[in-house]
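What follows is a short report on a single structure.
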Amino acid sequence: MAINKLPEFAKDGQKNTDDLVLTDGFPVLKKPARQWFNWLFNSLSLKTNEIIDEVDTKLAKSSNLSDLTNAASARNNLGLGTAATLNAGSLNGQVMLRGAFGIGNGGVADTSNVTSLANGGNFNNYSTIPGGFGVYDSAAINKPIQFEQAEAGVLIQHNGGWAGFLQIAAPTYHSTDPRIYCRTARGSSPGLGTWRFFRDSLNTTVDSNGFIKNASPIVQLFADKVEMNDEAQQQNIEFEKLGVGDYLVKNSTGLSNDGWYIEQPKDANGNIYHAVVHEQLESGDISIKTYECKLNEIGQTVADLEKPIDIKENRFISLRLNELPQDITAPQNPNIVDNEGNPAPSKYHYLENNEWKITAENEGILENERYAAYQASLRPLTRRQFKLTLLENGLLDQIENSISAIGDDQTRARIQIEYTEATEFHRMSDSVMYMCQLLNLTDDQVDQMWEQALTL
């Protein structure tokens, strides 16, 4: 509301300050002349009207900023960008809302939504899960079997109606398989296809010839050093050069017994630069020796043991190692703790009255997992260790006779080759398990003998 101005008062008033000290004011019994009052009221009216004029240029509260002279200039002066004038929504030119285009959609990310994976939602019931980006937790059923060890993960789903679906899922914590997977569906009677995993820097490596290969712990063996990927660096590996073309890789888990384990550099025609002779020593060290190549009597390339050579300059031999055993009994989430800050003893434990508890069924499952982890952690035996242990336990003749007595010709031949030709024996390999059955040994007996053998 506008403020009315005051009439100007006594224009001809004069300020009479004769015989006055302004800082002291009028003395007792001395009254100001009328001209003084004229001047005073005139000055007050002028100054009040000046204030009214200034107030009239300000915004009126009741106008709710509609009385701005230039709204664009005002926004600019306040530092507001162009988004200040945009509406929220999912149309072009609007600020995107949560759920627009499925980003953060409740069907995937909101745990209060009944279709949420975190509330028992089903990866396979994809038509009930809106497209979007969100999370799932360990309660979600029918998630990729690879993620059973994962407590939580990320799911991206495009829901194109019955015409097509795309799911991309990845675990975010303590998974035995950290790979990213995807699968698709299409058609009027859809069925999601097989989960396919992405190859990335975690599960592949590039060898010295530029080819992509399955990875795990990888050691690149040069003539004067080794270089390791992140997984290999967890094994405290040491390198030692004993002579020309004679190398030791120490403190490792040994060459991988699953898939490839040695890859050599080659020239443009696919010819190897040197022949390799490898051996896992009784100490567990890996011996790698390189020689010049020669042809044997049937035209095969073999090592010329009289001519050792160093690995070619600026090239390397790729060694793929066994992975370190995983501690599957560690807490799935260290943030889940009791009142004293102690984490859960395992992923199967739950907290009740500040005490960790576990069901009898899950305790059995946990014990089986612990035993499997223990078996996987046992180092392989050299041929010498394996046979000496059989001898010391009175089983050497028995195993050889038992192998000879196998009825199936192919099985007998395979086990005979494994027994006589293998340079090392792995606790959980099919051939070792078969031989243990031939000897009627229990798991506990085999474990005790295995630990005994590792000391020989």
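The values are calculated or read from the model by the stated rules, or taken from the named source; none is laboratory data. Because the structure is a prediction, the values reported are computed rather than measured. Cβ atoms come from the backbone with ideal geometry, glycine included; neighbour counts cover every protein chain shown.
When Leu242 is tested against (1) touching a strand residue (DSSP E or B) at 6+ places or on another chain (Cβ under 6 Å); (2) in a strand (DSSP E or B); (3) at pLDDT 70 or above, exactly one condition is not met: (1). Residues of the range 309-322 include at least one that is among the acidic types (Asp, Glu) and at pLDDT 80 or above.
Working only within the range 245-260, note down all residues that are modelled with pLDDT of 85 or more, in a loop (DSSP other than H, G, I, E, B) and more than 15 Å from Arg379 (Cβ to Cβ). Of everything in the range 245-260, just one residue is modelled with pLDDT of 85 or more, in a loop (DSSP other than H, G, I, E, B) and more than 15 Å from Arg379 (Cβ to Cβ), namely Gly245. Selection within the range 231-262: residues that are within 28 Å of the chain's Cα centre (by Cα) and of a type in the set (Asp, Glu). The member of this set that is surrounded by the most Cβ atoms within 10 Å (Cβ to Cβ) is Glu231. None of Tyr374, Tyr419 is of a type in the set (Phe, Trp, Tyr), surrounded by fewer than 14 Cβ atoms within 10 Å (Cβ to Cβ) and closer than 29 Å to Asn251 by Cα except Tyr374. The residues listed here are Asn76, Asn38, Asn70, Asn64; of these, the one that is loosely packed, with under 10 Cβ neighbours inside 10 Å, among the polar types (S, T, N, Q) and either under 30 Å from Gly25 (Cα atoms) or modelled with pLDDT of 80 or more (or both) is Asn70.
Being more than 22 Å from His278 (Cα to Cα), of a type in the set (Gly, Ala, Ser) and surrounded by 13 or more Cβ atoms within 10 Å (Cβ to Cβ) holds for only one residue in Ser402, Ser429, and it is Ser402.
A quick yes/no check of all residues on (1) outside the structural domain of Arg427 (by TED's automatic domain parsing); (2) modelled with pLDDT under 85:
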site	(1), (2)
Val337	yes, yes
Asn342	yes, yes
Pro345	yes, yes
Lys357	yes, no
Leu390	no, no
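Only one of the numbered conditions (1) at pLDDT below 85; (2) over 39 Å from the mean Cα position of the chain (by Cα); (3) over 24 Å from Ser256 (Cα atoms) is violated by Leu456, and that is (3). Scanning for something touching a Ser or Thr at 6+ places or on another chain (Cβ under 6 Å) and either at pLDDT below 75 or loosely packed, with under 15 Cβ neighbours inside 10 Å (or both), does the range 216-229 turn up at least one residue? No, the conditions are met nowhere in the range 216-229.
Given the structure, is Ser90 outside the structural domain of Ala170 (by TED's automatic domain parsing), under 30 Å from Gln167 (Cα atoms) and either of a type in the set (Ser, Thr, Tyr) or modelled with pLDDT of 80 or more (or both)? Criteria met by Ser90.
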